[in-house]
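S.K.: Questions regarding the structure given below will be posed in turn.
Every number here is computed from the coordinates shown, using simple stated rules; none is lab data. These numbers come from a predicted model, not from an experiment. So basically every Cβ, Gly included, is an ideal-geometry build from the backbone, and we count neighbours across all protein chains shown.
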Amino acid sequence: MIFGPNREPCSQPLGFAVDLDRELGGKFRNLWPYRILNEVQSAFWPVCFNTDHNVVIAAPTGVGKTMALEAAICRLLQEDEGTGNGRKTWKAVYVAPVKALCQQRLVDWQRRFGTRFGLKCAELTGDSAGMREVAASQIILTTPEKFDAVSRDWRDNLYLLGSVRLVLIDEAHFLGEDPRGSALEALICRLKIMKSHKVIMDKGLPASKLRILAASATLPNVEDIGRWLEAPPEAIFNFDYTYRPVPLEIHVLGYANASNPFLFQRTLEGRAPEVIGRYSEGKATLVFCGSKKGAEALATKLAGAGSGFGFGNKQVGRGGMQGRSQQRLEAERFSNIQNHKLKDLLLTSDGAVAFHHAGLTAEDRTCVETLFQQGVVRTLCSTSTLAQGINSPAFLAIILGTTFWRGTGTGYEDLPVSAVLQMIGRAGRPGYDDRGVAVIMTSKDKDLMYMSMAEGQEVVESQLPARFHESLNAEVCSNVISDLGDAIRWLRSTFLWVRTHRNPDYYTALLPRGTVCRDADNSIGEYLKAYMLRILAELEAENVLRLEKTVGLSRDGAPIENQETETIVPLVAGRVMSKTLVSFETIKILRAVPSDASLEDLLYACCGCPEVCNPVRKAEKRPLNDLLKRVRFSKGLGIKKCTHPSHKAFVLVQACLGNLEIVDFTLKVCDNPMCLISSVCAEE
Ligand SMILES: Nc1ncnc2c1ncn2[C@@H]1O[C@H](COP(=O)(O)OP(=O)(O)OP(=O)(O)O)[C@@H](O)[C@H]1O
């Protein structure tokens, strides 16, 4: 199937092209290196740059959606100029599903908005700078989880949160993926309620005029996201895959399943050279593998196979140099590579084949990316680290298997839509080629599903139910919800509310069986309210919050008859749960520990909490079992081998506390979750 320039109508009238030279003068014009906007950009440009509407744009990768977000920032700059004082009291928050995208955008926007307009950009992610730098910046780049956590204390951070005038959501289709989607949903609902909160309104803070822009891959239900984000119909754009500026030919290859997923992955690795040979036309190829080891193994295999599969075009990017002088240059070029395996691979394949994954140092990764951009590396075997947003020169992108290993206890999981779209979106980038090819290698039973994903036919559903207890409690603690009336207002502000009315069948766990669309909208709303009351009761039963009946008071403080309201009061456990981001499940586990429990029992209970239960990988079993012999507690509980995620946490926390050396790299995991659990125990 070929996805390429517009052959079908889209949801917006087109037929004109915006010329930036005519639209813009002065400093805004130089922000973009190109002059003529394509059809998609020409459609959204006037709404983004000339209005304050909330906007949702769904369009294929590579179409140039980023400029919609940039246009909205320019509008704010223009507004500043209009006021005459040029003071930037606002903040724009860019929210992307992964840190890598934030970092990439940070570098780009620092260069473009920083130098020209004096805007400061700061990253607010797990690895990022302190809050002081964030508070002093106008553009904040963050992930939904991080910003959700920060905005829970919005009253304490009123200066920061009250300044948020613009929220830019990139890759917004991740709204349908757990757990990021639920964090985004909770975050946006909070911001929507904050916007009209008395505290923000009375002070006239920029957040009272909050504007939201969302850019997403093509979706069938973009109107639902638009409705949720309160975008007017003229600001909801949905362009299907036919609007890709560079046509992308997509092949989904379904293979017979092997006896287990590991063997199936091996089968796919075996088929990869043939697939590269068939589709690459000797051009740059990016192969997405399921694991670091898989990427290394495939790269080694391809290098060993020589140039017979169409990847060994040594002339490209090298000026056609031959012989010894070329070899010397090659050796010099790769001399800074620290990873021996990678260096050897580059030397033996004359630089044509390489691998890329998170286990490489940042310098090695940058070096490989540069070699690929320059056309030296012709076939790059990578994990998903390279899938996000980069402008790769790949003509062919291959997804080698659509499941990935999440470890013992979780097993194999299917790649989510956003990952698939990002990966195939790396082929045929504008400016590199006039077409591209993507191949998805999967099992026979999943080929139709992945074809529908690639076509943008996957409906985005709310992920809030998976974190409903936590989200509701967070709003109670952040003062967004103080009584039942607030709780209902919050519920009505969710994407869940929009989707349950549209597709009740998907939410059968929340609604009574047999609920159908033709039920009056009201009854679905009533069912949802009943569901929320159930969750409130469960939270109350675990002392997370308390529901109190209060009598309504008149202006002079006198009680009003028959005007009882139900106030919702956060309790200590609830505050800890919200602050430390632990799940309701964890609170229940900890509350079940008897007050006279031994240290060993208490520690083991903590290690059963979902936040610290990471799957046990095959390679970790031996080092974990070695550690098990050296830690203090193990015999009392009869643990002989580390097989369960809770065993792994139990051994690791003891190793950390006992200062035992952890040799295995992957086991040197962050012990932060353990600190959080300890703080919960202390509070309790
Ligand atoms: N009108 C245009 N003319 C020429 N090049 C353009 C135009 N618009 C965007 N580009 C270039 O196209 C590339 C892709 O743009 P952009 O990253 O904004 O796409 P996208 O829709 O966000 O896709 P993705 O999510 O894959 O990044 C960039 O290199 C950008 O500079």
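S.K.: What net charge do the residues around Leu229 carry, taking every other residue with its C-beta under 13 Å from that of Leu229, with Lys and Arg at +1 and Asp and Glu at -1?
M.R.: Computed value for this residue: 0.
S.K.: How big, in percent, is the set of alpha carbon pairs in the stretch 114-214 lying more than 19 Å apart?
M.R.: 43 percent
S.K.: Can you work out the Karplus-derived ³J(HN,Hα) for every residue in the stretch 187-198? Use 6.51 cos²θ - 1.76 cosθ + 1.60 with θ = phi - 60°, whole Hz, and x for glycine or proline.
M.R.: In residue order, the calculated couplings are 4, 5, 4, 4, 5, 5, 6, 4, 3, 9, 6, 3 Hz.
S.K.: Still on this model: Can you tell me the equivalent ellipsoid semi-axes for the stretch 236-295? Use √(5λ) from the Cα gyration tensor, largest first, whole Å.
M.R.: 28, 16, 12
S.K.: Less than 19 Å from a label point 7 Å out along the Cα-to-Cβ axis of Asp52: which backbone N atoms in the stretch 230-272 qualify, by residue?
M.R.: Once the point is set 7 Å along Cα→Cβ of Asp52, 230-236 turn out to lie under 19 Å by backbone N, inside the stretch 230-272.
S.K.: Moving to a separate point now. Average the reciprocal distances over every distinct pair of alpha-carbons in the stretch 582-622, invert the result, and give the Kirkwood radius in Å.
M.R.: 11.4 Å
S.K.: Can you check what the net charge comes to around Arg190, using other residues whose Cβ is under 9 Å from the Cβ of Arg190 (Lys, Arg +1; Asp, Glu -1)?
M.R.: Result for the local shell: 0.
S.K.: With θ taken as phi - 60° and the coefficients 6.51, -1.76 and 1.60, list the Karplus ³J(HN,Hα) couplings across the stretch 460-477 in order, rounded to whole Hz; mark glycine and proline as x.
M.R.: For the stretch 460-477, the Karplus curve yields 8, 10, 6, 9, 4, x, 5, 10, 5, 4, 5, 5, 4, 4, 4, 6, 5, 6 Hz.
S.K.: Kindly state, to the nearest 0.05, the FRET efficiency for Arg534 paired with Asp153, given R0 = 35 Å and r defined as their beta-carbon distance.
M.R.: The value I calculate is 0.80.
S.K.: I would also like to ask the following. Based on other C-beta atoms within 10 Å, arrange Ser452, Ser349 from fewest to most.
M.R.: Going from least to most buried by this count: Ser452, Ser349.
S.K.: Still on this model: List the residues, sorted by chain then number, that are 5 or more residues from Ile169 or on another chain and whose placed amide H is less than 5 Å from its amide H.
M.R.: Counting only residues 5 or more places away or on other chains, the set is Val95, Leu213, Ala214, Ala215.
S.K.: Which far-off residues, 5 or more places away or on another chain, put their amide H under 5 Å from the one on Asn54, with H placed in the peptide plane?
M.R.: HN-HN under 5 Å from Asn54: Ile212.
S.K.: Report the local net charge at Ala258: Lys and Arg +1, Asp and Glu -1, summed over other residues whose C-beta lies under 15 Å from its C-beta.
M.R.: Result for the local shell: +2.
S.K.: When the chain is fully extended, how far beyond the present Cα-Cα distance does Ser523 get from Arg29, taking 0.36 nm per residue of separation?
M.R.: 172.6 nm
S.K.: Let me ask something additional. Would you please give the residues with an amide H less than 5 Å from that of Thr89, counting only those at least 5 places away or on a separate chain, with H modeled from the backbone geometry?
M.R.: Residues meeting the criterion, in which the H sits 1.01 Å from N, do not exist here.
S.K.: Alpha carbons only, please: Rg and Dmax for the stretch 2-240, in angstrom.
M.R.: According to the Cα coordinates of the stretch 2-240, Rg and Dmax are 17.2, 54 Å.
S.K.: In the structure displayed, which of Lys65/Lys192; Lys588/Lys640; Lys301/Lys641 lie more than 30 Å apart, Cα to Cα?
M.R.: Cα-Cα > 30 Å for Lys301/Lys641; rest within.
S.K.: Students often check this: by mean Cβ neighbours within 10 Å, which of 481-490, 578-587 ranks highest, and how do the rest follow?
M.R.: By packing density, highest mean first, the sequence is 578-587, 481-490.
S.K.: Another one. Sort Cys656, Cys189, Cys477 so that the residue with the fewest other Cβ atoms within 10 Å of its own Cβ comes first and the one with the most comes last.
M.R.: Starting with the residue having the fewest Cβ neighbours, the order is Cys656, Cys477, Cys189.
S.K.: Using Cα positions and a limit of under 18 Å, work out the lysines in reach of Lys283, with same-chain residues fewer than 8 apart set aside.
M.R.: Lys314
S.K.: If I model a spin label at Asp414 and Leu547 as a point 7 Å from the Cα along the Cα→Cβ vector, what separation in nanometres do I get?
M.R.: 3.7 nm
S.K.: When we measure straight from the Cα of Lys195, which aspartates and glutamates land under 13 angstrom away, once same-chain ones fewer than 8 places off are left out?
M.R.: Partners found: Glu230.
S.K.: Pull up the cross-link candidates among the aspartates and glutamates for Lys621, meaning alpha carbon to alpha carbon under 15 Å and not fewer than 8 places away within one chain.
M.R.: Here the aspartates and glutamates satisfying the reach criterion relative to Lys621 are Asp664.
S.K.: Would you list Cys367, Cys381, Cys102 from fewest to most Cβ contacts within 10 Å?
M.R.: Final ranking by Cβ density, sparse to dense: Cys367, Cys102, Cys381.
S.K.: Quickly rank 609-622, 140-153 as a protection proxy: mean count of other C-beta atoms within 10 Å, highest first.
M.R.: Going from most to least packed, we get 140-153, 609-622.
S.K.: Starting from the Cα gyration tensor of the stretch 148-259, take the square roots of the eigenvalues, sort them a ≥ b ≥ c, and report rounded, prolate or oblate (rounded when a/c is under 1.5, otherwise prolate if a/b is larger than b/c, else oblate).
M.R.: It comes out prolate by the Cα gyration axes.
S.K.: Under the classification rounded if a/c is under 1.5, otherwise prolate if a/b is larger than b/c and oblate if not, where does the stretch 18-142 fall, given a ≥ b ≥ c as square roots of the Cα gyration tensor eigenvalues?
M.R.: Oblate, because a/c is 1.5 or more while a/b does not exceed b/c.
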